[in-house]
Structure formats: structure tokens, C-alpha cells
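Engineer: Sharing a structure with you now.
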Amino acid sequence: MELVSNNNMLSKIATNNGHGENSPYFDGWKAYDANPFHPQRNPEGVIQMGLAENQLSFDLIKEWIEANPSASICTPQGVSGFKHTAIFQDYHGLPAFRTAVANFMNRVRGNRVKFDPDRIVMSGGATGAHETLAFCLANPGEAFLVPTPYYPAFDRDLRWRTGVNLVPVVCESSNNFKITREALETAYTKAKLDNIKVKGLLVTNPSNPLGTFLDRETLKDVVSFINDKSIHLVCDEIYAGTVTNGDEFVSIAEVIEEEPECNRDLIHLVYSLSKDMGFPGFRVGIVYSYNDNVVSIARKMSSFGLVSTQTQNMLASMLSDNEFVENFISESRVRLAHRHDMFNRGLAQVGIGSLESKAGLFLWMDLRRFLKEPTFEAEMTFWRTIINDIKLNVSPGQSFHCSEPGWFRVCFANMDDETTIIALWRIKQFVRKNRNLEIKTRKQFWLNNLPLRSSSRRLDDILTPHRMSPHYDILTPHRMSPHSPLASPLVRAQH
């Protein structure tokens, strides 16, 4: 009997390349998985700097859990609620959970706006939220405009199973990758010429991978654009709580309050607890729409990716504790700012610039001068050097659809202080061994419109274990910070 290919027996959606697993973004993860760094067991391994994860405040979570054992049905104090939690719950979600999430979203945005719990729709992480909105707002073959550079997995989240297209809005380093009305109009016009129907615009605010956020005027211009075109606006605000100065961040929810002519039926938010709280494993994603029909439809579709009732139950208790929430948001921002500044200064001391940013869990590094030529092929060659020689998994700009080669995203909040020091030390050693690569001066960086947060202190003063600055709370391998994820009993229990 003639053998039939396994793929011929399966669906086209299941077997196509829509997941994007073969992109450089995921290739870096595979390199890390094959040779993961560990300070004792594998000190020469690859350090994971391609994972945007917030591990800097787990000690605060642990303290709350220990002080509130009744929040979990798996403790003697909370087991009385086991039956009620374990039996069937409908897809609306626990009322207490939706109220608590709305409360947290309010507080992350400084209580300048109020979110309605009845508009909270659950999903399996932000991935599920984006796919749900894509299903609700567009038909196969229709498209969303997306400013570049953008999160690589959007290609999977919005396109793979929905059949929706993404049309890049090209943003450039000459203006720090800002979204302009001209760029939006250019992308929209090109889509029309290609006979692609544009159904919406997706913006990430704060931006992944840039670590920047949109100012009020830009957001107003975006709202004006989508109203003029009668297309939807999806705002991904999953990094809202990572803005180091919360008063500076402006949510789309604030802007539409100031724009009476805005058609609110076109406005939708995506949120999750993966970045602001550091809970990606809980798979808590949120669709928040101002369109009643979208709320109703999205809620029905959420049946395919609900948040477990056990998770809802615990988070409802945690996020209803206003004192804890306020302290967590404030302290997390302080710690993220500290780590951001530490890593940024370490890079600047060896002449590596990055886009000025005040949010996110990463830096957008400018490594253009390390490329042998200004091409994406040269970018991939250098990326392989970073993986194989420096042994750091950072993500190349082309995986984010960046229009210019030489930019890389490096994550800094998914590791402890000691590992951060080792990563910076590896970068320092690489630069020193390649002295033929011209170290640009601070003046040259400013001429490139890429301001650096630098200092007059030498990198040795930052990185050498015996001369570490008390201002950074960077400790030697034997004296890790109490805020270090590896030092946390909660995290150690996961290994």
C-alpha cells in the first residue's frame, strides 16, 4: 500500500507555518533550551535574554500568600471553598474576579480612568485575547495595520487560525520609531492598492520591543485616523504597569474621554497579568471593549480559553487588597527602573547605545556598528555570534519586522542580579576582544538622535565584583540581593 504523508491526513491550518516557530525569535529560545545557563551547573551556558518576563517582585507575592492562606483552596484555611470553586462556572467569569481585575487596571493607570467589570472578558493570556478580537473584528483575508517594529508572535496570535493579514506601518529610527499620521496613511493607501481591506489598527502601548509609550497627542492622532477611516483600534496595554513613572503613561481609555467625537464602538483594549504582575503561567488575558456587541461575542468565544476558577478565586482576593496592590505597583516600578538603569549604563560604558525608554522589560539595543554591512543577512550573522560566542539569547530586529538592520531586543527583568552582571561582563569582554570595532563617542550617539543614560564611571567599577557600586545593589555571587528571583523561595520551588 502506498504510504500517505501524515500532513495530507491533517488540516491545512494545523500543518501550515503560521505558528512562526522557525523564526529567529524562536530559534534563540531553542539555542537557550539546548544549552541553558546555570551559575553552578552550567556557567558557560546561554543566558536567556529573549524572554520578556518580570521576576523582580516575587518576594512581595510570596509575603501576601503567606499572610492570606485562605485565598487558596489548597490550604487548610481555604479548603472550605473547594467544592464551590471546582464545580461548573459559566464563561462570564467570577464576578469578584472581574471586579478585582477592573480595580487593578484602574490603579495601574493611577485611577485616572474607571473600567467597568461587566466589560471584562477573560481569555487564555494576551495571546488568546488578541486572537479573540481578530475573530470578532475581521474576516479571513482582511487586515490590521501594525506599526513596526512589533512583537513577533503577533504573526501567530492574529493570523495563524483566523486567516487575518497584518500590514506593517513602517516606523524609523530617524524619529525614534514614532508613529506618524504620514506613516499610517502610507500603509493604509498601500493596502488599498493591494486590494486588502483594512479592518483595524493595532498599537502596543507601551511598545514591545521599544520600551517607549505613546504621548497624548500621538494617541489623539491615532484615534482621529481610525475614526476618519472607520476602522477599529486595538490597544495592547499589557506593559502599562512597567512604566517607571506611572504618571507619565496615558491609556487610550483616558484619551477617548477627552475626544467626544470618537466612535467608542471602534475602541478595544487587550490586557493581561503576565507582565505587570509577572504571572504568564496563570494565563490571564483580558479583552475590554467599548462595543457592546464585541463584548457579547467575545464572551461566547472565550469558552475556548477560560481562566481556571482556582486562579480566578486567588487573584480576586489578591487584587482586591488595595494596600497590597498600591505597594506592589509602586515597588515593582522602582525595581524595574533600577534594573533598567543598571543595564543601560553597563551597555553605555562599552559604547553600546539603546533607544531611550521608560517602560517594558527590555532595551532596544543599537548594534548597527557591529554589522559588516547594513543588511539583514549581516544582522543574522552577528546574531549567531551573540548566541554562539557571547552566549546570550537576544532577539534580532528583523524578527520584530524592524525596517532597519542592526537593532536587537535584550530583556533584563527575567534574571537575578548575579546573572545580569555576568551578561554585562560577557558583552564587555566581547567588545574588548574586537577593538577593531570602533567605539563611538557619546557625541556621535547624540548626533544619531539616540541619547544615552551614561555616567563618567568606568565599566570596571560597575562590573568588577570587588568594586561594585552600592548604588546598584549589585552583589557578588555569594551575596545575592533579596530581590533576586533565584533567591526567592517561591521561585526556587519551581526548579
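The values are calculated or read from the model by the stated rules, or taken from the named source; none is laboratory data. Bear in mind the structure is a predicted one, so any value in this text is a computation, not a measurement. Here the Cβ is made from the backbone with ideal geometry for all residues, glycine too, and neighbour counts use every protein chain on show. In case anyone asks, the SASA skips ligands and DNA or RNA and just uses the protein heavy atoms, side chains included. Shrake-Rupley method; radii C 1.70, N 1.55, O 1.52, S 1.80 Å.
Engineer: Name the shape class, rounded, prolate or oblate, that the alpha-carbon gyration tensor gives for the stretch 85-220, where a ≥ b ≥ c are the square roots of its eigenvalues, rounded holds for a/c under 1.5, and otherwise prolate holds if a/b is larger than b/c and oblate otherwise.
Structural biologist: Since a/c reaches 1.5 but b/c is at least a/b, the shape of the stretch 85-220 is classed as oblate.
Engineer: Kindly write out, for the stretch 61-71 in residue order, the coupling ³J(HN,Hα) from the Karplus curve 6.51 cos²θ - 1.76 cosθ + 1.60 (θ = phi - 60°), rounded to whole Hz, with x marking Gly and Pro.
Structural biologist: 5, 4, 4, 5, 4, 5, 7, 10, x, 6, 6
Engineer: Quick one: order I421, I13 from most to least accessible surface, probe 1.4 Å.
Structural biologist: If we order I421, I13 from most to least accessible, we get I13, I421.
Engineer: Using protein chains only and a probe of 1.4 angstrom, how many square angstrom of L56 are accessible, to the nearest 10?
Structural biologist: Surface accessible to solvent at L56 totals approximately 10 Å².
Engineer: Also, quick follow-up: Residues of the stretch 155-198 with the amide nitrogen closer than 14 Å to a label point 7 Å from the Cα of N227, along Cα-to-Cβ, please.
Structural biologist: Label zone hits: none.
Engineer: By how many nm would the segment from N139 to T15 grow when fully extended, if each residue of separation counts as 0.36 nm and the alpha-carbon distance is taken off?
Structural biologist: 42.6 nm is the gain from fully extending N139 to T15.
Engineer: If I take R0 = 56 Å and measure r between the Cβ atoms of R426 and S296 in this structure, what FRET efficiency does the formula 1/(1 + (r/R0)^6) give, to the nearest 0.05?
Structural biologist: According to the calculation, E is roughly 0.60.
Engineer: Continuing with the same structure: Restrict the search to the stretch 35-125; then list the chymotrypsin sites (Phe, Trp or Tyr not before Pro) that DSSP places in a loop and that have at most 10 other Cβ atoms within 10 Å of their Cβ.
Structural biologist: Sites meeting the loop and neighbour criteria: F88.
Engineer: Just subtract the alpha-carbon distance of D247 and N327 from 0.36 nm times their residue separation and send over the number in nm, one decimal.
Structural biologist: Result: 27.2 nm gained on full extension.
Engineer: Can you pull the one-decimal nm distance between simple spin-label points at W29 and E261, each 7 Å off the Cα toward Cβ?
Structural biologist: Once both label points are built, they end up 4.4 nm from each other.
Engineer: Let me ask something additional. Please name which of N111, G93, W160 has its Cα lying farthest along the dipole of the stretch 84-200 towards the positive end, using unit charges on Cβ (Lys, Arg +1; Asp, Glu -1) and the Cα centre as origin.
Structural biologist: Selected residue: N111.
Engineer: Give the residue list of GluC sites (Glu not before Pro) in the stretch 139-201 that are DSSP loop and have at most 14 other beta-carbon atoms within 10 angstrom.
Structural biologist: E172
Engineer: Once both labels are modelled 7 Å past Cα along the beta-carbon direction, what's the S308-C74 spacing in nm?
Structural biologist: In this crude label model, S308 to C74 measures out at 0.7 nm.
Engineer: Once you treat every alpha carbon in the stretch 162-272 as an equal point and sum by Debye, what is log10 I(q)/I(0) at q = 0.17, 0.21, 0.24 Å⁻¹?
Structural biologist: For the stretch 162-272, the Cα-only Debye profile gives -0.85, -1.29, -1.57.
Engineer: Hey, another quick one. Of the accessible area of the stretch 1-155, with the probe set at 1.4 angstrom, what percent is carbon plus sulfur?
Structural biologist: Looking at the stretch 1-155 in its full context, I get 55 percent from C and S.
Engineer: Same structure, new question: Within the stretch 244-269, list the residues whose amide N lies under 18 Å from a label point set 7 Å along Cα→Cβ of K178.
Structural biologist: The answer is 248-251, whose backbone nitrogens lie closer than 18 Å to the label point.
Engineer: Report, by chain and number, residues whose modeled amide H sits under 5 Å from the one on N165, excluding near sequence neighbours (fewer than 5 apart, same chain).
Structural biologist: G141, E142, A143, F144
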